[in-house]
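Peer 1: Have a look at this one.
The values are calculated or read from the model by the stated rules, or taken from the named source; none is laboratory data. Computed from a predicted structure; not experimentally measured. Backbone-built Cβ (ideal geometry, glycine too); neighbour counts: all protein chains shown.
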Amino acid sequence: MKSIVKDKRILGYESLSSFPNISHFVTTRVGGCSIGNYTSFNCSPYCGDDSESVRRNQVLLCSELSITPDQLVIPYQIHSTNSLLIDHAYLSASPEVRLKKLYGKDALLTDCPGLCLCISTADCVPILLYDKKHQAIAVVHAGWRGTVDCILSKVFEEMDQAFGTQGDDVVACIGPSISLDSFEIGIEVYDIFKKGGFDMGRIARWHDESRKFHIDLWEANREQLIDCGISPRQIELAGICTFKSHDIFFSARRLGVKSGRILSGIMLRK
């Protein structure tokens, strides 16, 4: 990953940075005004942080991106596989209806320029998708539940239906999130992945010290992307573990659920 601003408050992906017609970002913890477990650059409005601090942080984020806060589209996530197409019907709706539509969504997709689709994470996997042929984008929140329920595959199907997206068209980025080394699970979660048809030899490891299995969410989601027809060469993996790097990135396993969130976003330029 690369720094988008001088103080490394906002990061970006090498693969997406080569496209001048899109903007994208991944926030870190540093350089904002929030306090406590939200210290300091929390831009997510749904995690219990002081609303004024979130507003100020969003203004700071948007000033670096040369956009306005009302261009941010941030869903209220519930670890589902529900997604929302941001289209002209959404844009023509009232603010109240828009907010209602965003509730319970863990992925967003659009081909409308000028809207910054965002996803909030703190150990779960944030994924940005860019269809360079049809000029469409998507953001995906893939925790272990979303991963095992194949949220990426479902979003890709929706992109195909809405825009004609094919695997060769897509650049995908898997963002900072919990790693195989840090993500220990109970046997019940292991069994859910196994029953879901995942290659456990590739995505799971037994740790003698913890006496528990660990799951590789990065690889599980990368395999889904490849199954969708996306070339491994067009998949960028940040390779940053939020649990290990909790001083730079928010980690719910380190800080608790009532803590800040990483905000990842992508936008088609007007």
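Peer 1: Need pairs with beta-carbon distance below 6 Å; first residue at pLDDT 95 or above and within the range 217-228, second among the polar types (S, T, N, Q); sequence gap 6+ or separate chains.
Peer 2: Going by the 6 Å Cβ cut-off, the qualifying pairs are L217/T147; A220/T147; N221/T147; Q224/S153.
Peer 1: Identify, from the list S264, S251, S177, S153, the residue that is of a type outside the set (A, V, I, L, M, F, W, C), in contact with a helix residue (DSSP H, G or I) (Cβ under 7 Å, 6 or more places away or on another chain), touching a residue at least 24 places away in the same chain (Cβ under 8 Å) and surrounded by 20 or more Cβ atoms within 10 Å (Cβ to Cβ).
Peer 2: Residue meeting the stated conditions: S177.
Peer 1: Oh, and also: Quick check, is I192 closer than 30 Å to G164 by Cα and aliphatic (A, V, I, L, M)?
Peer 2: It is false that I192 is closer than 30 Å to G164 by Cα and aliphatic (A, V, I, L, M).
Peer 1: Can you report the number of residues in the range 37-59 which are part of a helix (DSSP H, G or I) and touching a residue at least 40 places away in the same chain (Cβ under 8 Å)?
Peer 2: Looking only at that region, the number is 2.
Peer 1: State which residue is surrounded by the most Cβ atoms within 10 Å (Cβ to Cβ) when the search covers only the range 81-109 and only residues that are in contact (Cβ under 8 Å) with a residue 40 or more places away in the chain and under 19 Å from G175 (Cβ atoms).
Peer 2: Filtering first and then ranking leaves A107.
Peer 1: What are the residues in the range 129-150 that are within 27 Å of P20 (Cβ to Cβ) and surrounded by fewer than 21 Cβ atoms within 10 Å (Cβ to Cβ), if any?
Peer 2: K132, K133, H134, Q135 - these are the residues of the range 129-150 that are within 27 Å of P20 (Cβ to Cβ) and surrounded by fewer than 21 Cβ atoms within 10 Å (Cβ to Cβ).
Peer 1: Same structure again: So G186 clears everything in (1) within 21 Å of the chain's Cα centre (by Cα); (2) surrounded by fewer than 24 Cβ atoms within 10 Å (Cβ to Cβ) except one condition, right? Which one?
Peer 2: Of (1) within 21 Å of the chain's Cα centre (by Cα); (2) surrounded by fewer than 24 Cβ atoms within 10 Å (Cβ to Cβ), only one is false for G186: (1).
Peer 1: Could you count how many residues in the range 67-80 are of a type outside the set (A, V, I, L, M), touching a residue at least 12 places away in the same chain (Cβ under 8 Å) and surrounded by fewer than 18 Cβ atoms within 10 Å (Cβ to Cβ)?
Peer 2: Counting residues in the range 67-80 that are of a type outside the set (A, V, I, L, M), touching a residue at least 12 places away in the same chain (Cβ under 8 Å) and surrounded by fewer than 18 Cβ atoms within 10 Å (Cβ to Cβ) gives 5.
Peer 1: If you don't mind, another one. Could you please give the count of residues in the range 1-15 that are crowded, with 22+ Cβ neighbours inside 10 Å and outside any strand (DSSP E or B)?
Peer 2: Residues flagged as crowded, with 22+ Cβ neighbours inside 10 Å and outside any strand (DSSP E or B) within the range 1-15 amount to 1.
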